[in-house]
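J.: Please read through the structure below; I'll follow up with questions.
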């Protein structure tokens, strides 16, 4: 009995155990549900999976199913970020325990019962439990915001190397607080219209109504919600990576106020879509995104500079190639920052290009083409956030030497291959006609699926290793069970 | 050695993306037995509209074409219209007059003023018709395929010249769904690969390794067998064919504050989710493509 209890204690009572469970749950959902669309459907794999798992897929409910699927995965990712930041930042023990308890029960309920409702018939008790799960995650967010309150005396920043006010208030903590607070508020922008559309059983996907000139306030709210939640998850992972890499110095002092400003203005812009600010909301969003991204750029500069300095330590006059070698020596440290840079090519760059040439180019094409671009670029952003989490996780579980390099580079190269292919697929109409596109589509689809499938294989191997480890009496899990405070691993 | 092999493989893979497509690859020729000149009567009455089955009523009878307008029918129209000077050649396209729409200056709205607009392009290699400088003809084998590479204006013009009009979205939807239930597909609630022409549906006209998907003859999915390829009868409750898949179909609504025209039915290039009756697509009225066609509707005297 103790055998089981110890392992459950690790999985649900320690930082790294909680993260492992959430990653494992997300992996399973991604692997299984990834087989229901795209080329997997073309090859007939979907039909086999549906039959094998006895799923009940009603055509008219596809949009609702997808919404629940997105939320199930998103809740797990939010939970992972929460475990990370509650492990990295100081907070009262009560809040740490309460937040983790609420969010763990919440995301598991949302995922298990939500997916049960969406894909295995409509037992309304399951829907109720799904909503209850989302609600628990929301309450965890409120508690987390309270826990991150930056003005308490216990949380002052004594070290002048970090961004702080004259009175010692930790500006990085303020950035975390701002991100948490605005996340909770922005969640309401989905919850309120969701309760209306959900109860009326009239789910819709935002990308399908994007061209309608007249949208209701609640439709605008949904569109704003999905954009801002993903942006805030990205802001939060940027802050987490910054803390993990011990971001400090002058760049930290510039970056943190920029991220706070960016977070707030970005949110004001998105919230503005349901107010008379709607006509200028996009402009406010651009204004907000700029400082937030500049803050992330500061982190990249700091991190890469640090990696190079550490890597060439002891070399009197390092050459350019020695510096590059130092930069890329540890893919788990280089990777998260590189993914943030790569994001500009596959997400921000595409978004800006689309915004600039919208009426001249993109809105001349059928709406289905625009849908591909829209869904493509936010799937890539979600994927990039996931890879950053996995790279940090690789360091967290103590991967070393060749295994560390293999894991890190596999995630970076495979995901970037897939994301670059998605980007080419999204933008293909710029350089190839519909009639002549098939060879290009085949190639990018192959590269995309190869990248994603192999990435999942790598992840599956790690998960199987961790599963096998749980059967060992003195496995890695016993060490991790005692490593609750991630801040001790900040170097 | 292994690095060299990997590099060569990678280069070969990337080069495969640049392969050219033979747009004139031989196409199987089948007679479906469905008359593209036939019209079906849709009686007045209530039906369930949209994904969420909102009751809607059309209080008039109307007729709608049983199939999409074929390439054969359209080139006949083009030849006649050119002879009558109803259309003219303008560079590499055939243009015709459209009286224009009311412009309200809504965000993203483009003004459609009265004037000449493209009906069909003359220089698009994906077109299934030819023009020798004096007459149009269907590309052999495509006479009974749906007319594609035709703009909304070109569709509107054909229907008008035939004493008909493009169906509005509600008319299209009722004709596809019938009045009895909220079915997602014209034939019922589920879809099989041999029920409609959609992306990777493995029909005899597609080759996903080279040119990809192609149109199928109108009414192809009628329960007949073609050289061993067995189709299911996929007519709508009113006997219409190809209301799901093959080509998107232009509809006639001109909505206030937007220049977009709406398309229904999904196509050979979309997954089956876009073949669901309520799915809407839209494009500028000058857009034409190899997966876009139309059919006409008309009032009943």
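Readers should treat all values here as calculations from the given coordinates under stated rules, not as data from a laboratory. Note that the structure is predicted; figures quoted are calculated from it, not measured. Backbone-built Cβ (ideal geometry, glycine too); neighbour counts: all protein chains shown.
J.: Treat the count of other C-beta atoms within 10 Å as a stand-in for reagent exposure and order B:214, A:371, B:88 from fewest to most.
T.: Values: B:214 26, A:371 18, B:88 14.
Arranged by neighbour count, lowest to highest, B:214, A:371, B:88 become B:88, A:371, B:214.
J.: Based on the Cα atoms of the range A:149-329, what semi-axes does the equivalent ellipsoid have, where each is the square root of 5 times one gyration tensor eigenvalue, given in whole Å with the largest first? Before the final figure, lay out each step's value.
T.: Working: eigenvalues 296, 81, 36 Å².
Here the semi-axes work out to 38, 20, 13 Å.
J.: Using all C-alpha to C-alpha distances in the range A:95-146, build P(r) with 10 Å bins and read off the rounded percent in each one.
T.: 32, 43, 20, 5
J.: Right, something else. Need one value for B:106-118: mean number of C-beta atoms belonging to other chains within 10 Å of its residues' C-beta atoms. Let's see the in-between values first.
T.: Working: counts 2, 3, 5, 2, 3, 0, 0, 0, 0, 0, 0, 0, 0.
Mean partner-chain Cβ count within 10 Å for B:106-118: 1.
J.: Could you give the nm distance between label points at residue A:402 and residue B:230, where each point is 7 Å from its Cα heading toward the beta carbon?
T.: 5.6 nm
J.: Within 10 Å of each Cβ of A:438-446, how many other protein chain Cβ atoms are there on average? Don't jump to the answer; show the numbers that get you there.
T.: Values: counts 11, 11, 5, 5, 8, 7, 1, 1, 3.
Mean inter-chain Cβ contacts per residue within 10 Å come to 6.
J.: Between the range B:221-250 and the range A:281-354, how far is it from one alpha carbon centroid to the other, in angstrom?
T.: Taking the Cα centre of the range A:281-354 as reference, the centre of the range B:221-250 is 54 Å away.
J.: Take every Cα-Cα pair in the range A:148-205 and report what % of them are more than 13 Å apart. If you can, show how the numbers build up before the last one.
T.: Working: 1102 of 1653 pairs.
Summing the P(r) tail past 13 Å for the range A:148-205 gives 67 percent.
J.: Translational diffusion coefficient of chain B at 4 °C, 1.567 mPa s, Stokes-Einstein with Kirkwood Rh over Cα pairs, in µm²/s as a whole number.
T.: Working: Rh = 20.2 Å.
Calculated translational D: 64 µm²/s.
J.: Taking neighbour Cβ counts within 10 Å as the exposure measure, how do B:243, A:293 sort from fewest upward? Please list the in-between numbers first.
T.: Working: B:243 30, A:293 19.
Exposure proxy ranking, most exposed first: A:293, B:243.
J.: While we're here: Please give the per residue volume of the convex hull enclosing the alpha carbon atoms of the range A:132-256, rounded to a whole number of Å³. Could the numbers behind the result be given before it?
T.: Working: hull volume 17.1 nm³, N = 125.
Given the Cα convex hull of the range A:132-256, per-residue volume reads 137 Å³.
J.: I've got another one for you. Compute the Rg to Rh ratio over the range A:1-147 from the alpha carbon atoms, using the Kirkwood formula for Rh, and round to two decimal places.
T.: Working: Rg = 16.9 Å, Rh = 16.4 Å.
Radius of gyration relative to Kirkwood radius: 1.03.
J.: Measuring from the lowest to the highest alpha carbon on each principal axis, how far does the range A:350-413 reach, largest first, in angstroms?
T.: 52, 15, 13
J.: Provide a whole-number value for the mean count of partner chain Cβ atoms within 10 Å of the Cβ atoms in peptide B:6-19.
T.: Values: counts 0, 0, 0, 0, 1, 0, 0, 5, 2, 2, 5, 13, 4, 6.
Other-chain Cβ atoms within 10 Å of each residue's Cβ, averaged: 3.
J.: Label the range A:175-239 by shape, choosing from rounded, prolate and oblate, from the square roots a ≥ b ≥ c of the eigenvalues of the Cα gyration tensor; if a/c is under 1.5 it is rounded, and otherwise prolate applies when a/b is larger than b/c, oblate when it is not.
T.: Working: a/c = 2.78, a/b = 1.88, b/c = 1.48.
Prolate is the answer for the range A:175-239, as a/c is 1.5 or above and a/b outweighs b/c.
J.: Cut-off is 10 Å between beta-carbons; in what order do B:274, A:485, A:449 appear when sorted fewest neighbours first? Let's see the in-between values first.
T.: Numbers: B:274 22, A:485 12, A:449 17.
If I rank by nearby Cβ atoms, fewest first, I get A:485, A:449, B:274.
J.: Here is a follow-up. At q = 0.27 Å⁻¹, what is the log10 ratio I(q)/I(0) for the range A:39-102, with the Debye formula run over Cα points and no solvent?
T.: Cα-only, vacuum Debye calculation for the range A:39-102: -1.15.
J.: Checking the a/c ratio against 1.5 first, then a/b against b/c, what shape does the Cα gyration tensor give for the range B:1-129?
T.: prolate
J.: Something else now. Per 10 Å bin, what is the whole-percent P(r) computed from every C-alpha pair distance within the range A:364-486?
T.: 11, 34, 25, 16, 9, 3, 0
J.: Under the rule a/c < 1.5 gives rounded, and otherwise a/b versus b/c splits prolate from oblate, where does chain A land using the Cα gyration tensor?
T.: Judged from the Cα gyration tensor, chain A comes out rounded (a/c under 1.5).
J.: Using every alpha carbon pair in the range A:248-407, what percent of pairs falls into each 5 Å bin from 0 up to the bin containing the largest distance?
T.: 2, 8, 12, 15, 18, 15, 11, 8, 6, 4, 1, 0, 0
J.: Still on this structure, please answer the following. Taking the mean number of other Cβ atoms within 10 Å as a proxy for protection, how do you rank A:305-317, A:218-230 from highest to lowest?
T.: Values: A:305-317: 13.3, A:218-230: 21.5.
Highest-to-lowest ranking by the protection proxy: A:218-230, A:305-317.
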